[in-house]
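**Student:** One structure follows; several queries about it will come next.
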Amino acid sequence: MKNVITFLVTRIPRKYLILFSRFFSIMIQPFYLGNKYECPICGGKFRKFLPYGNRGSDNRLCPRCLSLERHRLLWLFLKRSEHLFDQSISFLHIAPEQPFVKRFKKQKNWKYITADLESPLAQIKTDIRNMPFTSENFDFLMCNHVLEHIDDDKKAMQEIYRVLKKGGKAILQVPIDNTRTETYEDFSIIDPKEREKHFGQYDHVRVYGQDYVKRLENAGFTVEISHFVDTLTTQEINRYRIVPNEVIYIAHKT
């Protein structure tokens, strides 16, 4: 059974896991029930989490809501640091993540819109480089682990800046290789296997380096780097399976 589960979560594209997530969750949860780990998003308790990623890294994906480490960290950040659930806001969620959507939709004090080019969870199908929203429309925006897939990320960042209201903010997480001073990209690499070799995943077009903040600043943002993870206890980091050194990038339209 373990081999079957590993194959499903490492080889099937996430959008299809999303489509069949209810059935998938019901099928696998009984094999993972326990009390060693807990998902702070759905409240599920398990003996371990599912493997995930190209290499099937162990103990990462929540069997109930399909959250990953970054989702669990952001959930705690939005609740404890941003206090976002207490605010009345217009919120654009690009490439909406499965663990968040139905919970965000329940927020009566939000005008919540989901958008993406392919995701079955998105209300509006759109290219992030050319979005159908008026300028200065949203107070808050989330777009996580998307920009590394976009060839013209400069245009995407400019579009995000455009649709945010003055004083608005965006959480824009991307995978970063901190050993690189500069972002590495080579658009001549189009073979999926070569992209995985160079960029870490078959559908990535770059690896961001330490200049990621500068790229956001060039689009007009003032960037705040939050070390919210440092406010969590060691017990929380271990129980929720959170990466202990992950920072959160908050782009402000000042």
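The values are calculated or read from the model by the stated rules, or taken from the named source; none is laboratory data. Computed from a predicted model, the values in this text were never measured in an experiment. Cβ: placed from backbone, ideal geometry, glycine included. Neighbour counts: every protein chain shown. Ligands, DNA and RNA are excluded from the accessible area calculation, which covers all protein heavy atoms including side chains. Shrake-Rupley method; radii C 1.70, N 1.55, O 1.52, S 1.80 Å.
**Student:** What accessible area per residue comes out for the chain, rounded to a whole number of Å², with a 1.4 Å probe?
**Tutor:** Working: 12650 Å² over 254 residues.
With all protein chains present, the chain gives 50 Å² per residue.
**Student:** From the alpha carbon gyration tensor of region 25-128, can you work out the equivalent ellipsoid semi-axes (sqrt of 5 times each eigenvalue) and give them in Å, largest to smallest?
**Tutor:** Numbers: eigenvalues 137, 61, 27 Å².
Working from the Cα gyration tensor, I get semi-axes of 26, 17, 12 Å.
**Student:** Moving on. Quote the relative contact order of region 130-254 in percent (integer), defining contacts as alpha-carbon pairs under 8 Å separated by 6+ residues.
**Tutor:** Working: 211 pairs, mean separation 34.8, N = 125.
Result for region 130-254 is 28 percent.
**Student:** Then there's this: Counting only protein heavy atoms and using a 1.4 Å probe, what share of the accessible area of region 84-198 belongs to carbon plus sulfur, as a whole percent? Let's see the in-between values first.
**Tutor:** On the way: 2690 of 5800 Å².
Percent of accessible area from carbon and sulfur atoms in region 84-198: 46.
**Student:** How large is the Kirkwood hydrodynamic radius of the chain, counting all unique pairs of alpha carbons, in Å?
**Tutor:** Over the chain, the inverse of the mean reciprocal pair distance is 19.1 Å.
**Student:** Right, another one. Can you run phi through the Karplus equation (6.51, -1.76, 1.60; θ = phi - 60°) for region 178-184 and list ³J(HN,Hα) in whole Hz, with x for Gly and Pro?
**Tutor:** So the Karplus estimates, Gly and Pro as x, are 6, 7, 9, 6, 10, 5, 9 Hz.
**Student:** Now a separate question. Looking at S90, V101, G34, which one has the Cα that reaches farthest to the positive end of the dipole of the chain (charges on Cβ: Lys, Arg +1; Asp, Glu -1)?
**Tutor:** Toward the positive end, the furthest listed residue is G34.
**Student:** Across region 246-254, in residue order, what do the Karplus-derived ³J(HN,Hα) couplings come to in whole Hz, using 6.51 cos²θ - 1.76 cosθ + 1.60 with θ = phi - 60° and x for Gly and Pro?
**Tutor:** 6, 9, 10, 9, 10, 9, 9, 9, 8
**Student:** Ok, one more. When ranked by the protection proxy of mean other Cβ atoms within 10 Å per residue, highest first, what sequence do the peptides 153-160, 94-101, 73-80 form? Mind showing how you got there, number by number?
**Tutor:** On the way: 153-160: 20.5, 94-101: 22.5, 73-80: 19.0.
So the order, starting with the most tightly packed, is 94-101, 153-160, 73-80.
**Student:** What's the carbon and sulfur percent of region 202-246's accessible surface, probe 1.4 angstrom, rounded to a whole number? The partial results should precede the final answer.
**Tutor:** On the way: 1140 of 2350 Å².
Accessible surface attributable to carbon and sulfur in region 202-246 totals 49 percent.
**Student:** If amide H atoms are built 1.01 Å from N in the plane of the peptide, which residues on other chains or at least 5 residues away come under 5 Å of the amide H of N137?
**Tutor:** L164, K165
**Student:** Straight-line reach only, C-alpha to C-alpha below 22 angstrom: list the lysines that K45 could link to, leaving out same-chain residues fewer than 8 apart.
**Tutor:** K2, K36, K79, K102
**Student:** Where does the chain land at 222 nm, in deg cm²/dmol rounded to the nearest 500, when only DSSP H runs of n ≥ 4 count, each adding -39500 (n - 2.57), divided by all residues? Before the final figure, lay out the partial values.
**Tutor:** Working: 9 runs with 81 residues, N = 254.
The helix-only estimate for the chain comes to -9000 deg cm²/dmol at 222 nm.
**Student:** When a/c reaches 1.5 or more, the comparison of a/b and b/c decides; with that in mind, is region 153-254 rounded, prolate or oblate per its Cα gyration tensor? All intermediate terms of the calculation are to be shown ahead of the outcome.
**Tutor:** Working: a/c = 2.21, a/b = 1.10, b/c = 2.02.
It comes out oblate by the Cα gyration axes.
**Student:** Quick query: amide H of K36 versus all other amide H atoms, modeled in the peptide plane; which residues come in under 5 Å with a sequence gap of 5 or more or a different chain?
**Tutor:** F46, R47
**Student:** Now for a different question. Starting from the coordinates of the alpha-carbon atoms of region 204-254, obtain the Kirkwood hydrodynamic radius over all distinct pairs and give the value in Å to one decimal.
**Tutor:** Numbers: mean 1/r = 0.0781 Å⁻¹.
That comes to 12.8 Å for region 204-254.
**Student:** Setting aside same-chain residues fewer than 8 positions from K214, which aspartates and glutamates have a Cα under 17 Å from its Cα?
**Tutor:** E148, D152, D153, E159, D177, E182, E185, E224
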